[in-house]
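**Student:** First the structure, then my questions, so here it is.
Please treat every number below as a calculation from the coordinates, not as lab data. Just so we're clear, the structure is a prediction, and the values are computed from it rather than from any experiment. For neighbour counting, all protein chains shown are included, and Cβ atoms are generated from backbone atoms with ideal geometry for every residue, glycine included.
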Amino acid sequence: MLFDPKWNPIEIKIEPWQKVLLDAANLLESAGWCQNMMGDSFGRHCAIGAIHAVKCDDLHSMANAACALSKHIQTGFSRSKYIDIPDWNDYRGRTKEQVIATMRKVAKT
């Protein structure tokens, strides 16, 4: 039998801050990413702007998401010169793909 109605897949629970990071990454992927500003008139956002845009009504989850991303940025890269998320986001040579991948990686830890 290919389908067993009694079978229930395991539901993976994620913390609200993880959802914020995943939603922010999805927003950057769909709407676009920018540097040197929180957002622009085209709907693009920087990393912090995207976190704010997806969950601005839940400050605790937003702060936890930003804290987790910041901690990873400050300790997870070989270049420890990044002071904060905007500094990392605005680094010359940074790409949209790197920002999205990092947000998703942090959310899954």
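**Student:** As a check on your grasp of the helix formula, calculate [θ] at 222 nm for the chain: sum -39500 (n - 2.57) over DSSP H runs of n ≥ 4, divide by the residue count, round to the nearest 500. Show your work: numbers first, answer last.
**Tutor:** Details: 5 runs with 59 residues, N = 109.
Helix contribution divided over all residues of the chain: -16500 deg cm²/dmol.
**Student:** Take Ile12, Ile85 and order them by how many other Cβ atoms sit within 10 Å, fewest up front.
**Tutor:** Ranking Ile12, Ile85 by Cβ neighbours within 10 Å, fewest first, gives Ile12, Ile85.
**Student:** List the equivalent ellipsoid semi-axes of the chain in whole Å, largest first, each obtained as the square root of 5λ for an eigenvalue λ of the Cα gyration tensor.
**Tutor:** 29, 16, 14
**Student:** Can I ask one more? Determine, for each peptide in 62-74, 88-100, the mean count of other beta carbons within 10 angstrom over its residues, then list the peptides with the highest first.
**Tutor:** 62-74, 88-100
**Student:** Okay, next question. What's the extension gain from Ala63 to Arg94 if we count 0.36 nm per residue and subtract their Cα-Cα distance?
**Tutor:** Here the segment from Ala63 to Arg94 would lengthen by 8.9 nm.
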